[in-house]
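Undergrad: Before we start, here is the structure in question, set down as structure tokens.
The values are calculated or read from the model by the stated rules, or taken from the named source; none is laboratory data. Note that this is a predicted model, so its numbers are computed, not measured. Glycine also receives a Cβ, built like all others from the backbone with ideal geometry; neighbour counts cover every protein chain displayed.
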Amino acid sequence: MSIESTAVMEIGTSTVRVLVGELRGDGIVSVTGIGEAESRGIRKGEIINRDHVIASVRSAVKAAEDNRRKSIHSVHLVTSGGRTESKVSTGILKLVDPSDNQLSEINEDDIEDVVEVARKVALPESRIKLHTLQQYFQIDDMFNVTSPVGMAGEELRLDMLTIHGKRSTVGNFQKIVEDTPIACSDAIFSGLCSSIAVLNDEQKKAGVLVIDIGGGTTDFILYHDGLVQTAASFSVGGEHVTNDIVRGLKISSIQAEQVKLRDGSALTNLMERDHNISIPVQQGFPGKIVRAVTLNTIINARMEEIFVLVKEYIDQHCPNVPMSAGVLLTGGGAFLNGARDLGQKVFNVPCSHGKPRDVQGLPSAKDAPRYAAHIGCIRYIASLQAKEEKPTMGKKLLKLFWGGSHA
């Protein structure tokens, strides 16, 4: 039996995407409607022209409704802006009075109590909590416990990872949706959604980094031992590469985007110094001939900056966490030639495309990474709906997806 259809919207810097789908009883996500529109009024993941954004959102929603032949009344917003960051807090539960000189066996009620304590993390007024994700338990002096039920001790601790965004940014995007007018059910971190779509349990246990490169932002999330270790976003993405080409080669943005996708590479090759690329005339900009090595040097500089920003953040917040399952790239930036090879060079681990698992109804398998966040969001929402209907099964689903709980 399928869980009810879910409409997911992502208001990106380059594209507004609406996807409608449902999680079937056999675990397959069935896509029943897709709508896209050019994103106008967004820069670096922030709103700069509200009216233009609303017009883009309405166009994408109408396209999805026409594709699905049904109206859309509410959506779940996939957010990648808001300078998303993560913070670890610790909840402490005294199981017995230390003076009693005895131990207490940990049960499910104890777990629920320490989870509630750990979730009460204090954030600045300017930040909004998006998710709270369970990490490791500690029982007295026993560290990195993942399943403490049935064990005994005097004190139970739990580390909780809180993913939070900039309140004004998240709130403004939610208001855009509501003024479309469509009900905005929730705001969900894009990086988490992408990871749910493309990862399996073995990858999460071994250690894996998912990087979602969008038009104006890059989201990333790191797993190890089946748990989220850290997550964040930066306001740098594929459109920055295009803008660099515009300035470097003195061509139009349309010419730059075309030549980037057709002839560009994130890796430079000195053997290309004698290879020339022809850029045709476009909207009043003359055609020209440029060297391939010049184009790729421009692309390489920005793409390497993106990967290095992610690496430095991880090295600072989660040093020495192994990534035995490598790096997976999703989002529009995953398609850039040489991106995987550059990622492998920067992180020194295998790098590949992250493709959504068990999904039907997408335009093509090649385009699947573009919809990773949307597919993951549908799975995420379905798990929450299952939790409301059957709490016990809901807990199992939540643990299966990311080993944590949602706030």
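Undergrad: Can you find, within segment 179-207, the residue that is modelled with the highest pLDDT among those that are farther than 15 Å from ASP358 by Cα and assigned to a loop (DSSP other than H, G, I, E, B)?
TA: So in segment 179-207, the residues farther than 15 Å from ASP358 by Cα come out as 179-192, 202-207.
Then keep just the ones that are assigned to a loop (DSSP other than H, G, I, E, B); that gives 179-182, 207.
Values: ASP179: 94, THR180: 92, PRO181: 92, ILE182: 94, GLY207: 97.
Residue satisfying both the conditions and the ranking: GLY207.
Undergrad: Could you check, for segment 164-179, whether at least one of its residues is β-branched (Val, Ile, Thr) and over 18 Å from the mean Cα position of the chain (by Cα)? Write out each step before concluding.
TA: Restricting attention to segment 164-179, the residues satisfying the condition of being β-branched (Val, Ile, Thr) are 169-170, 176-177.
When the remaining residues are screened for being over 18 Å from the mean Cα position of the chain (by Cα), the result is 176-177.
The answer is yes, given that some residue of segment 164-179 is β-branched (Val, Ile, Thr) and over 18 Å from the mean Cα position of the chain (by Cα).
Undergrad: Name the single residue that is surrounded by the fewest Cβ atoms within 10 Å (Cβ to Cβ) among those in segment 1-28 being free of Cβ contacts under 8 Å to residues at least 60 places away in the same chain and of a type in the set (Ser, Thr, Tyr).
TA: Filtering segment 1-28 for residues free of Cβ contacts under 8 Å to residues at least 60 places away in the same chain gives 1-2, 5, 16, 18, 20, 24-26.
Checking the rest, the ones that are also of a type in the set (Ser, Thr, Tyr) come to 2, 5.
Details: SER2: 13, SER5: 17.
In this case the residue turns out to be SER2.
Undergrad: Among the residues of segment 126-152, which ones are buried (at least 21 other Cβ atoms within 10 Å of the Cβ) and either more than 31 Å from the chain's Cα centre (by Cα) or part of a loop (DSSP other than H, G, I, E, B) (or both)?
TA: PRO148
Undergrad: Looking only at residues that are charged (D, E, K, R) and in contact (Cβ under 8 Å) with a residue 40 or more places away in the chain in segment 240-290, which one is surrounded by the fewest Cβ atoms within 10 Å (Cβ to Cβ)?
TA: Going through segment 240-290, the residues charged (D, E, K, R) turn out to be 244, 247, 250, 257, 260, 262-263, 272-274, 288.
Checking which are in contact (Cβ under 8 Å) with a residue 40 or more places away in the chain leaves us with 244, 260.
Details: ASP244: 18, LYS260: 22.
The extreme case among them is ASP244.
Undergrad: Among the residues of segment 314-327, is there at least one that is touching a residue at least 24 places away in the same chain (Cβ under 8 Å) and under 20 Å from ARG370 (Cβ atoms)?
TA: Yes, there is a match, as at least one residue in segment 314-327 is touching a residue at least 24 places away in the same chain (Cβ under 8 Å) and under 20 Å from ARG370 (Cβ atoms).
Undergrad: Just to check your reading of the model, which residue among VAL31, VAL53 is among the β-branched types (Val, Ile, Thr), buried (at least 18 other Cβ atoms within 10 Å of the Cβ) and not in a strand (DSSP E or B)?
TA: Values: VAL31 fails: not in a strand (DSSP E or B).
Of the residues listed, the single one that is among the β-branched types (Val, Ile, Thr), buried (at least 18 other Cβ atoms within 10 Å of the Cβ) and not in a strand (DSSP E or B) is VAL53.
Undergrad: While we're here: Which residues, counting only those in segment 337-375, are closer than 21 Å to CYS193 by Cα and over 20 Å from the mean Cα position of the chain (by Cα)?
TA: If the condition is that a residue be closer than 21 Å to CYS193 by Cα and over 20 Å from the mean Cα position of the chain (by Cα), then GLN360, GLY361, PRO363, SER364 are the ones that fit.
Undergrad: Among the residues of segment 61-84, is there at least one that is in contact with a Pro (Cβ under 6 Å, 6 or more places away or on another chain) and either at pLDDT 90 or above or within 30 Å of ILE213 (Cβ to Cβ) (or both)?
TA: First pass over segment 61-84, keeping only residues in contact with a Pro (Cβ under 6 Å, 6 or more places away or on another chain): none.
Checked segment 61-84: no residue is in contact with a Pro (Cβ under 6 Å, 6 or more places away or on another chain) and either at pLDDT 90 or above or within 30 Å of ILE213 (Cβ to Cβ) (or both).
Undergrad: Right, here's the next one. If you go through segment 138-158 one residue at a time, do you hit one that is on the phi < 0 side of the Ramachandran plot and in contact with a Ser or Thr (Cβ under 6 Å, 6 or more places away or on another chain)?
TA: Scanning segment 138-158, I find at least one residue that is on the phi < 0 side of the Ramachandran plot and in contact with a Ser or Thr (Cβ under 6 Å, 6 or more places away or on another chain), so the answer is yes.
Undergrad: I need every pair where a residue in segment 114-129 that is assigned by TED's automatic domain parsing to the domain that holds LEU158 has its Cβ under 8 Å from the Cβ of a residue that is assigned to a loop (DSSP other than H, G, I, E, B) and aliphatic (A, V, I, L, M), sequence separation at least 6 or different chains.
TA: Final answer for the pair search is ARG119/ALA407; LYS129/VAL121; LYS129/LEU123; LYS129/ALA407.
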